[in-house]
Amino acid sequence: MKYIVGAVVICSIFILSFCSNNTAGKNESSAQGSDGITLPAGFSSTVVAENLGVARHIVVNSNGDLYVKLDGLNQGQSILRLRDTNKDGVAEDITGFGNYTGTGIAIGNGYLYATSDDKIFRYKMQNNEVVNKDNPELIVSGLVSRRQHASKPITLDNAGNIYVTIGAPSNACQEKDRTPGSKGQDPCPILETAGGIWQFKVDKLNQSYAEGVRYITGIRNIVALSWNSEANELYGVQHGRDDLHNLFPGTYNEEESAELPAEEMFLMKKGSDFGWPYCYYDWRQSKKLLNPEYGGDKIKTDRCDGKDKPIYAFPGHWAPNGLMFYTGKQFPEKYRHGAFIAFHGSWNRAPREQQGYFVVFLPFKNGKPSGDYEIFADGFAGKNKTPQGAAHRPCGLAQGPDGSLYVSDDQKGTIWKINYKGN
């Protein structure tokens, strides 16, 4: 527990490292400030906290408390509650609980929900506090977790359901995964238990994996997952497949492999099939094409003609990890109802420069993109846009009750708060 007396912060040994990193305020920035983040004119950013650990997805409670899910324990804890007690934008009061790693976190129905790589838990909330920190209720167990694409992002709808990604533990369902020339398994057995989004009930305890509904199929891995309350639909942005050139050098050159396939944004209705592993989306041709593992030659569409298409497509390998629809009123009108997407950053765009490592904004109207994306927040990586060299890698997004935007970084555990103050 942490106690705050005037300007003096008294910490237990348990959270000493949190206090030492968060007792002093940070300078705000517009354009490019001391925290390195570049933003559109009129916006500023504050470092809420730093050195938290592998800070993945985040959520903000109605009182402004920020909850962070860690994919790695910090002082034995994996969920952090950050509270800004003096309303200066910096979290002075940080506590932790939970002892399992993972990425998913959500708030709704009087509960805080969080995931490990194979389970979904919930914590009862009363008076803006979690009351069963040491004894969470188990909602779902037995989720498929096979190392590759094992993280479990979640989102809630407005009808008592929770949605979770079951990523495919494979690149393209080859007979020998990531082996040059290896053919694809046909039909792909992975799709029976993974490669989709599963739906469960939020108010039923101890559900087995078999009790869930496979809501959509034909995806490789969606980490950026969100329910759009205005459209009343499920959306996600997919991590596309890798290694077209390395696995099929006679068909794809390095430049094509750097740009393809697209990172696809989906409007996901129950029963949708987006075609993985048989198909990929070529954003330059605006076509869903047959993967080379299944006889594709950069032209054939074949069975892909009947698969569901993306509603928007970004260039390859940017690694979308966070998705949030803006419902606040603090930001200018152009941002309302639009999507913010956090791109974690690529590792496999050689010989081109690695890309991503930023947050983009995509305007929406009537539940569909209404224009092109623009880079909203940049500079996270610093001078070295590589997974090993980047200073920060944006991952999670959340909206505060005042309409501010929070961004998490899982490289060094930094959280930013972005506000609009006008030109």
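Quick notes
- Highest mean packing comes first when the peptides 228-240, 195-207, 391-403, 244-256 are listed by Cβ atoms within 10 Å, giving 391-403, 228-240, 195-207, 244-256.
- Within the chain, percent of DSSP bridges classed antiparallel, to nearest 5: 95 percent
- Scalar couplings 3J(HN,Hα) for segment 215-220, obtained by applying the Karplus form with A = 6.51, B = -1.76, C = 1.60 to θ = phi - 60°, are 6, 9, 9, x, 10, 7 Hz; x denotes Gly and Pro.
- Helix-only [θ]222 nm of the chain, DSSP H runs n ≥ 4, -39500 (n - 2.57) each, per residue, nearest 500: -1000 deg cm²/dmol
- Model label zone, residue 246; criterion: amide N under 16 Å from point 7 Å along Cα-to-beta-carbon; scope segment 182-209: 182
- Across segment 2-420, Cα pairs under 8 Å and at least six residues apart give a relative contact order of 14 percent.
- Residue 309 paired with residue 386, simple spin-label distance in nm, labels 7 Å along Cα-to-beta-carbon: 3.9 nm
- Proximal charge balance of residue 350 [Cβ under 14 Å; K/R count +1, D/E count -1]: -4
- Cleavage-rule hits (GluC sites (Glu not before Pro)) in segment 294-376: DSSP loop, at most 14 neighbouring Cβ within 10 angstrom: 353
- With a cut-off of 15 Å between beta carbons, the residues surrounding residue 151 carry a summed charge of +4, where Lys and Arg count +1 and Asp and Glu -1.
Rule-based calculations on the coordinates, nothing more; no lab input. This structure is a prediction, so every number in the text was calculated from the model and none was measured. Glycine gets a Cβ as well: all are built from the backbone with ideal geometry, and neighbour counts include every protein chain shown.
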